[in-house]
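*Asks:* Before I ask anything, here is the structure I am working with.
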Amino acid sequence: MDEQLLVSSSSQSNPSWSRDELILALDLYLRHRDALPSKHHQEVQELSVFLGKMGRALGITTAASFRNPNGVYMKLGNFRRWDPEYTKDGKSGLAKGNKDEEVVWNEFAASPVKLASLVSVIRNTVNLGEQLGSQLQQFDEPDIHEAAEGKVVTRLHRARERSRKLVEKKKKQALAKYGKLACEVCGFDFKATYGSAGEGLIDVHHIRPLHTLEPGQKTSLDDLALLCANCHRVVHASRHWLSLDELRTTMSLPTISPSG
Ligand SMILES: [Zn+2]
Ligand SMILES: [Zn+2]
């Protein structure tokens, strides 16, 4: 199939660029910062094809071709105006674009190593696609804010912490070690509060930074933490997912359990 022939008419109906797409485009931008590649450049063409593959893997599009090379090229131009290296000479870059470009720029442009690592996680995950089964084809969950690092790693993270086998192993380990299932941040123990109705209840949260996930690799129990439903919800409540230490600092006062 020749995907390139279909690209020109589809851009109008395309949704605005997602986090994942902007992250990949920023990585390309930074690697060609001094002289932006044209739409005919091999890497621009490759990214255009890859964004289609990613869009289909995430269920965002069913189109054979999603972002055309010209769209990718334009997006690189959009990053220009946030680049102080470029604007210091009074130049302004392409004005149009979406405001997430600035957010993504501010979050990742100063951390090229983290960005490169994140890009490789996103790419490897999408490329593994079929091997990962339906992990990428999930629905967005209302209580889980998509992470700053994008939808691909958000879904990868959630697939890991919901893996029934891993969750059971983690709980078993904690029960053997501590004799109870308590939240690692606030100490809440469902069984202590709810009796037998709360037995076995606790969430499992994956603690590895998202840009260091390794798709297709076995998850170690040390990468998982036990959290009560409240703490877990707070971790994922905004685009910046809180680390356990951040969550501990956020909790101003220890909560007194209703049972006393
Ligand atoms: Zn808790
Ligand atoms: Zn989690």
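The values are calculated or read from the model by the stated rules, or taken from the named source; none is laboratory data. The structure displayed is predicted, hence computed values, not measured ones. Backbone-built Cβ (ideal geometry, glycine too); neighbour counts: all protein chains shown. Note: areas computed on protein heavy atoms with side chains; ligands, DNA, RNA excluded. Shrake-Rupley method; radii C 1.70, N 1.55, O 1.52, S 1.80 Å.
*Asks:* Look at Lys177 and say whether it is more than 16 Å from ligand 1 (Cβ to nearest atom), surrounded by fewer than 17 Cβ atoms within 10 Å (Cβ to Cβ) and under 24 Å from Pro215 (Cβ atoms). Give the steps one after another, and end with the answer.
*Replies:* Numbers: more than 16 Å from ligand 1 (Cβ to nearest atom): yes; surrounded by fewer than 17 Cβ atoms within 10 Å (Cβ to Cβ): yes; under 24 Å from Pro215 (Cβ atoms): no.
Judged against the criteria, Lys177 is not a match.
*Asks:* Would you mind stating whether Ser252 is out of contact with any Cys (no Cβ under 8 Å at 6 or more places or on another chain), part of a helix (DSSP H, G or I) and either more than 15 Å from ligand 2 (Cβ to nearest atom) or modelled with pLDDT of 95 or more (or both)?
*Replies:* Numbers: out of contact with any Cys (no Cβ under 8 Å at 6 or more places or on another chain): yes; part of a helix (DSSP H, G or I): no; either more than 15 Å from ligand 2 (Cβ to nearest atom) or modelled with pLDDT of 95 or more (or both): yes.
Answer is no for this residue.
*Asks:* Within segment 180-213, take every residue that is open to solvent by less than 40 Å² (accessible area, probe 1.4 Å) and aliphatic (A, V, I, L, M) and give me the one that is nearest to the chain's Cα centre (by Cα).
*Replies:* Leu210
*Asks:* Looking at Ala148, is it more than 12 Å from ligand 2 (Cβ to nearest atom), among the hydrophobic types (A, V, I, L, M, F, W, C) and touching a residue at least 60 places away in the same chain (Cβ under 8 Å)? Before the answer, list the steps.
*Replies:* Numbers: more than 12 Å from ligand 2 (Cβ to nearest atom): yes; among the hydrophobic types (A, V, I, L, M, F, W, C): yes; touching a residue at least 60 places away in the same chain (Cβ under 8 Å): yes.
Yes; evaluated as a whole, the condition is true for this residue.
*Asks:* Has segment 129-144 got at least one residue that is modelled with pLDDT of 95 or more, of a type in the set (D, E, K, R) and away from ligand 2 (no atom under 16 Å from the Cβ)?
*Replies:* Applying the first criterion (modelled with pLDDT of 95 or more) to segment 129-144 yields none.
Checked segment 129-144: no residue is modelled with pLDDT of 95 or more, of a type in the set (D, E, K, R) and away from ligand 2 (no atom under 16 Å from the Cβ).
*Asks:* Testing Cys183 on (1) in contact with a helix residue (DSSP H, G or I) (Cβ under 7 Å, 6 or more places away or on another chain); (2) within 29 Å of Ala148 (Cβ to Cβ); (3) at pLDDT below 95, one condition comes back false. Which one is that?
*Replies:* Here Cys183 clears every test but (3).
*Asks:* Can you say whether Arg158 is within 16 Å of ligand 2 (Cβ to nearest atom) and either touching a Phe, Trp or Tyr at 6+ places or on another chain (Cβ under 7 Å) or within 30 Å of Glu101 (Cα to Cα) (or both), as far as the supplied structure shows? Walk me through how you get there before you give the answer.
*Replies:* Numbers: within 16 Å of ligand 2 (Cβ to nearest atom): yes; either touching a Phe, Trp or Tyr at 6+ places or on another chain (Cβ under 7 Å) or within 30 Å of Glu101 (Cα to Cα) (or both): yes.
It is true that Arg158 is within 16 Å of ligand 2 (Cβ to nearest atom) and either touching a Phe, Trp or Tyr at 6+ places or on another chain (Cβ under 7 Å) or within 30 Å of Glu101 (Cα to Cα) (or both).
*Asks:* Please list, ordered by residue number, the helices (runs of 4 or more DSSP H) wholly in segment 76-185 having 3 or more residues that are within 30 Å of Cys228 (Cα to Cα) and charged (D, E, K, R). Before you say what the answer is, go through the steps one by one.
*Replies:* Working: elements: 84-87, 100-108, 112-128, 151-162, 164-178.
Fully inside segment 76-185 and qualifying: 151-162, 164-178.
*Asks:* If I filter segment 161-168 for residues that are over 16 Å from the mean Cα position of the chain (by Cα), farther than 30 Å from Ser16 by Cα, within 13 Å of ligand 2 (Cβ to nearest atom) and of a type in the set (D, E, K, R), do I get at least one hit?
*Replies:* no
*Asks:* Which of the following residues is assigned to a loop (DSSP other than H, G, I, E, B), away from ligand 2 (no atom under 16 Å from the Cβ) and either modelled with pLDDT of 95 or more or out of contact with any strand residue (DSSP E or B) (no Cβ under 9 Å at 6 or more places or on another chain) (or both): Gly216, Gly195? Step through it out loud before you land on a result.
*Replies:* On the way: Gly195 fails: assigned to a loop (DSSP other than H, G, I, E, B).
After applying the criteria, what remains is Gly216.
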